[in-house]
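**Student:** Sending over a structure as structure tokens; questions will come in a sec.
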Amino acid sequence: MLTTFFESRSNGYSKQRAPTENGGLHALVTQIRAVGITKIFQAVDGSEVVALDGLDLDIRPGEFVCVVGPSGCGKSTFLSMMAGLETPTEGTIAIKDTVISSPHPDVAMVFQEHSLFPWKTVLHNVAVAQKARGMPRKQREQRAREIIAMAGLSGFEDKHPCELSGGMRQRVGIARALAAEPEVLLMDEPFGALDAQTRKLFQEELLRIYDQFGKTIVFVTHSVEEAVFLADRVVVMTFRPGRIKKVFDVPIERPRTLDILNDEIFQEIRTEVWESLKEEASLAFEALGNRAGRCK
Ligand SMILES: Nc1ncnc2c1ncn2[C@@H]1O[C@H](COP(=O)(O)OP(=O)(O)OP(=O)(O)O)[C@@H](O)[C@H]1O
Ligand SMILES: [Mg+2]
């Protein structure tokens, strides 16, 4: 069922692969530019939480970037700012030279929690972006049905989110984001709710979509293996406040299948990313331990 996920789609998107090596036209073009991003939240007790501190990142058109970092380092905050749902305290994020201050029509987001409209059916959840764009009802429902079928959810069009499993809800969330036909797809731990086998199938399917349509994807995950499997570059963030610690290139050819997990180069990069992340994860672990101690 999942093997057909989105693969039959063909709608005129041009393949815009950004090269991972130096040179080439796309290396000179930036699709997303984050400059000096700092985000300070006001906590409920009035104290300030510095979620992000001076983060700079350029992402090329058609690039697949994965972001890893310990819990609470600001990954979701960063994605929300790229989606125009949060504003930086300092700094700017631009999509193709337009500074983002509200949701951008070329950007779609798959949230950490599926965030479907509970009162809408699967069909209407998936069709929501085309409705907002003014696409006629018949056309948008036909398009939504096609995408639902490709997501392996045929027969569930008239169900509500509460009638679906966690994995199915997440598929609806991904289908909804892709139905919007965005240039930039932001994905916040989209596969976290899936069982291990389905997660692997979704990873392969996402790469198929990526190879076919060449969208720019920014993907947050806690899995180093998932990050290296999917990405052109893996960004490791520091534990609080969130900064970019290191960026790893993944010069593994595409198309990729799960077979590359056994390749030496894959395993080397995964180890390097994990070594870098481990230090930050330890700091997060200690911080949580200290806080738990204070709760006694
Ligand atoms: N609305 C808010 N008000 C106050 N603090 C917030 C708010 N949103 C996020 N934070 C804080 O900002 C920091 C970063 O949060 P964020 O959700 O971006 O982390 P994350 O890296 O996505 O974590 P996780 O991996 O657990 O999803 C955390 O310390 C969090 O408590
Ligand atoms: Mg998060």
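Every read-out reported here was derived from the displayed coordinates using simple, explicitly stated rules and does not represent laboratory data. Keep in mind that this is a model prediction, so the values were computed, not measured. Because the Cβ atoms are built from the backbone with ideal geometry, glycine has one as well, and the counts that use them run over all protein chains shown.
**Student:** Let's see if you can work this out: charge +1 on each Lys and Arg Cβ, -1 on each Asp and Glu Cβ, no other charges. What is the dipole magnitude of the chain about its Cα centre, in debye to the nearest 20?
**Tutor:** Around 1040 debye, computed over the chain.
**Student:** By the scheme Lys and Arg +1, Asp and Glu -1, what is the net charge of all other residues having a beta-carbon under 14 Å from that of SER80?
**Tutor:** Net of charged neighbours comes to -2.
**Student:** A further question on this structure: Ranking HIS104, HIS114 by Cβ neighbours within 10 Å, fewest first, what do you get?
**Tutor:** The most exposed by this proxy come first: HIS104, HIS114.
**Student:** Same structure again: Output the relative contact order of segment 172-251, whole-number percent, from Cα pairs under 8 angstrom with separation of 6+ residues.
**Tutor:** Averaging sequence separation for qualifying contacts and normalising by length gives 26 percent for segment 172-251.
**Student:** Contour minus end-to-end for ASN262 and ILE40, with contour as 0.36 nm per residue of separation and end-to-end as the Cα-Cα distance?
**Tutor:** 75.8 nm
**Student:** Given LYS75/LYS159; LYS138/LYS159; LYS215/LYS245; LYS39/LYS246; LYS131/LYS215, which pairs have Cα atoms separated by over 27 Å?
**Tutor:** Flagged as over cut-off: LYS75/LYS159.
**Student:** Here is a further query. Could you work out the relative contact order of the chain, using alpha carbon pairs under 8 angstrom and six or more residues apart, expressed as a whole percent?
**Tutor:** 25
**Student:** Using amide H atoms built 1.01 Å from N in the peptide plane, name the residues 5+ places from VAL110, or on other chains, whose amide H lies under 5 Å from its own.
**Tutor:** Long-range HN contacts for VAL110: LEU186, MET187, ASP188.
**Student:** Also, I was wondering about something else. Would you work out the charge dipole size for segment 172-245 about its Cα centre, treating the Cβ of every Lys and Arg as +1 and the Cβ of every Asp and Glu as -1, and quote it to the nearest 20 debye?
**Tutor:** Taking the Cα centre of segment 172-245 as origin, the dipole is about 340 debye.
**Student:** Just to confirm a number: summing +1 for Lys and Arg and -1 for Asp and Glu over residues other than THR38 whose beta-carbon lies under 14 angstrom from that of THR38, what do you get?
**Tutor:** That sum, taken over residues with Cβ under 14 Å, equals -2.
**Student:** Then there's this: Using the Kirkwood radius over Cα pairs, work out the Stokes-Einstein diffusion coefficient for segment 173-296 at 10 °C and 1.306 mPa s, in µm²/s as a whole number.
**Tutor:** 99
**Student:** While we're looking at this one, here's another question. Using the Kirkwood formula over every pair of different C-alpha atoms, what hydrodynamic radius in Å results for the chain?
**Tutor:** Evaluated over the chain, this radius sits at 20.0 Å.
**Student:** With an 8 Å Cα cut-off and a minimum separation of 6 or more residues, compute the relative contact order for segment 117-181 in percent.
**Tutor:** 49
**Student:** In a shell of Cβ-Cβ distance under 12 Å around GLU157, excluding GLU157 itself, what net charge do Lys and Arg (+1) and Asp and Glu (-1) give?
**Tutor:** With Lys, Arg at +1 and Asp, Glu at -1, the neighbours total -1.
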